[in-house]
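What follows draws every value from the coordinates through simple rules; no lab data is involved. Note that the structure is a prediction, hence the values are computed from the model and not measured. Ideal geometry is used to build each Cβ from the backbone, glycine not excepted, and the neighbour counts take in all protein chains shown.
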Amino acid sequence: MIGAAELWLLLAWGTIVAVDLVSMPQALLARPLVAATVAGAIAGDAGAGLAVGLLVELFALDVLPVGAARYPDYGPGTVGAVLVVAHHPAPVLWMGVAVGLALVVALSGAASMQWLRHRIARDVQAHAGQLAAGDGAAIRMLHLTSIGRDAVRGLALTVVALLLALLLRGMGPLDELTGTLLTVVAAGAGLAAVIRGAARSAGRGARFRWLAAGASAGVLLSVLL
Amino acid sequence: MRAAWWRLFSLQGSWNYDRMIGVGMGFAAKPLLEELRHASPERHAEAVARSAEFFNSHPYLAGLALGAVTRAEYDQVPGEQILRLRNALCSPLGALGDQLFWAGLLPAVIGSALAGVALGAGWPAVLVAVVCFTAVRCYVSDWALRRGLATGMTVGRAIADSRLRRAIAVAGIGASLLVGLAIPLVATRLAVGLTTRHVALMLLVAAVGLLLGKVAGTRYSSPRFALVALAVVLLIRWITP
């Protein structure tokens, strides 16, 4: 079962992965596969974590997180998605719903990131005089305050994700056909995302041939194992 | 130097549309410029102000610029030249870092982790991916800062002579190969327990997503497509319970 201690730990973990996305330390913690694996361990259901991470990661591989680009923040939503299916008697039926939650929160995370970047820009403009004078204390204050704001953003996103997850867990049972269809559709959309991202990154040159070689090996392994 | 290296891990903490990672660079430069404070207080204030000016590059390679600019400040290079060097380094460091990490190493390690999990390796596959990525990232950040500090205004030549180009080629091949390997393995794992009809539906949804992505180009969003598809399922099941 998931108790208050696990919920607090999930809240802390969701905040950490949100901060990891851009602010610090950018150590892959924000990747859905990593965020979900740890969230699964916290919730005491490692299998659920890996299953959610595997599926949501497919969407994240369609993203090139370059500087000013607007990209989803998958971490907190993935933590919430793990809470949806952890210890569930029929986790596969709820996987599609869990992925839906992760995606909604991820898109909200992208919007919150834009808001934060504008907010920091206003702070920087307000302290332009001190920065021009070479005031090291002002630089330090601006930088640390910005990281603090990102942590608050991550905390808020995780609170939303966990509340939605608890709401979904409290809902009545999902009928088998609807649950299966939602999971199948989420998996199909995830496959589209990862194939699209891989093809775009590979282009049409030598890398495409390596992609094809890898895919062929994957098909062969799938058949053999 | 160790303090500056640690601070490189939070370089993007104050990312904004005004100076991008400029303030983060200023924060990381502070420990490196401390000696200048005693040697030349006036120059120190100017150097600190320059260190927080607009800057944008890949965060893992920004150490090259940080080191080079710091060395130039100690070498008493004129301020305008230092700012020109900073601006000149933005694009190449951004492009090299994006290719090496975001389009190379990151998909490579995530692809290997996905393949490992799909094959039943479990959480150790994820742990190995995180450790490998972090080890390379730490090494590159350390190399970049040291190289920048050693070369100063000639950092451009140091970048050209480095093994970055070769590393980008290898990482790109690894990314394509490993993500390619992971896709069928993950698809097979997702299909476990599903009927043939459900597998066909999964592949149909994937095909529709790819087709829409082709037609809509950059306007296409994978999460939005997934959410619309999930909403369609709920709508159909509501109409035909």
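When B:THR240, A:THR37 are arranged by Cβ crowding within 10 Å, least crowded first, meaning fewest neighbours, the order is B:THR240, A:THR37.
As a proxy for reagent exposure, ranking A:LEU224, B:LEU234, A:LEU58 by other Cβ atoms within 10 Å from fewest up yields A:LEU224, B:LEU234, A:LEU58.
Label reach from A:ALA206 (point 7 Å along Cα→C-beta): in the stretch B:138-177, amide nitrogens under 17 Å belong to B:163-177.
Of the three principal axes defined by the Cα atoms of the protein assembly as shown, the extents in descending order read 77, 48, 39 Å.
Neighbouring Cβ atoms from other chains, within 10 Å of the Cβ of residues in A:35-45, number 1 on average.
Post the alpha-carbon centroid distance, the stretch B:1-57 to the stretch A:176-190, in whole angstrom. Centre-to-centre distance over Cα atoms comes out at 49 Å.
Kirkwood's formula applied to the C-alpha pairs of the stretch B:68-139 gives a hydrodynamic radius of 14.8 angstrom. Expressed per residue, the C-alpha convex hull volume of the stretch B:50-98 stands at 58 Å³.
The relative contact order of chain B, computed from alpha carbon pairs under 8 Å that lie at least 6 residues apart in sequence, is 20 percent. Taking the longest Cα principal axis of chain B as reference, the axis of helix B:222-239 is set at about 30 degrees. For the options B:MET153, B:MET20, B:MET202, a Gaussian network treatment of chain B with springs between C-alpha atoms closer than 10 Å singles out B:MET202 as fluctuating the most. Largest GNM mean-square fluctuation among A:VAL160, A:VAL17, A:VAL34, using chain A with Cα springs under 10 Å: A:VAL160. Translational D (Stokes-Einstein, µm²/s) of the stretch A:30-109 at 25 °C and 0.890 mPa s when Rh comes from the Kirkwood sum over C-alpha pairs? Translational D for this selection: 203 µm²/s.
Could you give the dipole magnitude of the protein assembly as shown about its Cα centre, charging the beta-carbon of Lys and Arg +1 and that of Asp and Glu -1, in debye to the nearest 20? Walk me through the numbers before you get to the answer.
Details: 37 positive and 23 negative charges, 197 e Å.
Computed about the Cα centre, the dipole is about 940 debye.
For chain B, modelled as a GNM whose springs connect Cα atoms under 10 angstrom apart, the maximal fluctuation among B:ALA29, B:ALA39, B:ALA171 occurs at B:ALA39.
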